[in-house]
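These notes concern the structure reproduced below.
The values are calculated or read from the model by the stated rules, or taken from the named source; none is laboratory data. None of these values were measured; they are calculated from a predicted model. As a convention, Cβ positions derive from the backbone with ideal geometry for all residues, glycine included, and neighbour counts pool all protein chains shown. Surface accessibility is based on the protein's heavy atoms, side chains included, excluding ligands, DNA and RNA. Shrake-Rupley method; radii C 1.70, N 1.55, O 1.52, S 1.80 Å.
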Amino acid sequence: MAQDELPVTVVMPTYNEAANLPGMAEAVLGLPLDGLHLKVVDDSSPDGTGRIAEELAAEYNSGGRHRMSVLHRTEKDGLGRAYTAGMSAALAEGAAYVVQMDADGSHPVEAVPRMLEAALASGAGLVVGSRYVEGGSLDERWGAHRVLLSRFANRYARAVLGTDIQDITAGFSLWSAATLRDVDLASLDSAGYSFQVELKYKAVRAGHTAVEVPIRFAERTEGASKMTLRTQLESAVVPLRLRLKRR
């Protein structure tokens, strides 16, 4: 099956992303991949993101097409939980590959075909859009504190878990359906951003190969970051918990 015929679902969690979602939907569904589907997972955003998502889906699904869907959740209980719900739905609908992507414009949409090509060429079960391999970069508007925190979080998680993935905290990844089924999404413990680390770690532990392709990570276009002290603390604890479970 050709690259542009594969069923690929982009799972995009949203919470108060009304300003960003229309542009992101247009960019994703404008990619030259015939089998591409966008699944928005909205956590009852008070700014009306869920309503906007439904309106966009009606537009993109006109003429009998099925290019976009919306999964509404009744509570905001973490990025990891939203991804688990969206990925599980994508697998149930027959996706061969599932892409994780933020709705804030920080992940380069144009990298998706390149990530899919890397997966097909290498047979990897996971392709990471990486900030920390050669050719990858961070937005120049990131302050020194954020850069240092991001780099430290990666080095810390890699050291604790003994992994070679350079950007293990990355939130922009492409997964094969087989990898996600082997990991068993329902078994993941992480609710917040540490979901990124746990899922990659368990995929590699299950015997799946990870490759990284360089990306430029941009500053969000609109709105505020969802990162909180609680999620930062969880991100510090989860690698230790995973390491202890391995023993």
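Based on this model, can you work out whether Gly80 counts as in contact with a helix residue (DSSP H, G or I) (Cβ under 9 Å, 6 or more places away or on another chain) and at pLDDT below 95? Here the answer is yes, as Gly80 does meet what is asked. Between residues in region 11-23 that are within 13 Å of Ser106 (Cβ to Cβ) and open to solvent by less than 10 Å² (accessible area, probe 1.4 Å) and residues that are in a strand (DSSP E or B) and not acidic (Asp, Glu), which pairs lie under 6 Å by C-beta distance while being six or more apart or on different chains? Cβ pairs passing all conditions: Met12/Val40. Of all the listed residues (Ser150, Ser176, Ser187), the sole one being of a type in the set (Ser, Thr, Tyr) and within 14 Å of the chain's Cα centre (by Cα) is Ser176.
The set of residues from region 202-229 being outside any loop (DSSP other than H, G, I, E, B) and modelled with pLDDT under 90 comprises just one member, Leu229.
Among the residues making up region 153-168, those that are small (Gly, Ala, Ser) and either within 20 Å of the chain's Cα centre (by Cα) or not in a helix (DSSP H, G or I) (or both) are Ala153, Ala157, Gly162. Every residue in region 147-177 that is of a type in the set (Ser, Thr, Tyr) and either on the phi > 0 side of the Ramachandran plot or surrounded by fewer than 20 Cβ atoms within 10 Å (Cβ to Cβ) (or both), please. Passing the criteria: Ser150, Tyr156, Thr163. Scanning region 68-89 for residues that are surrounded by fewer than 17 Cβ atoms within 10 Å (Cβ to Cβ), over 17 Å from the mean Cα position of the chain (by Cα) and among the charged types (D, E, K, R) yields one hit, Glu75. Restricting Ala111, Ala92, Ala121, Ala144 to those that are open to solvent by 40 Å² or more (accessible area, probe 1.4 Å) and under 18 Å from Val213 (Cα atoms) reduces the list to Ala121. When region 188-198 is limited to residues that are surrounded by fewer than 21 Cβ atoms within 10 Å (Cβ to Cβ) and closer than 18 Å to Val11 by Cβ, the one that is modelled with the highest pLDDT turns out to be Leu188.
In region 31-66, the qualifying residues are those that are among the small types (Gly, Ala, Ser) and without any contact (Cβ under 8 Å) to a residue 24 or more places away in the chain, and the one that is surrounded by the most Cβ atoms within 10 Å (Cβ to Cβ) is Ala57.
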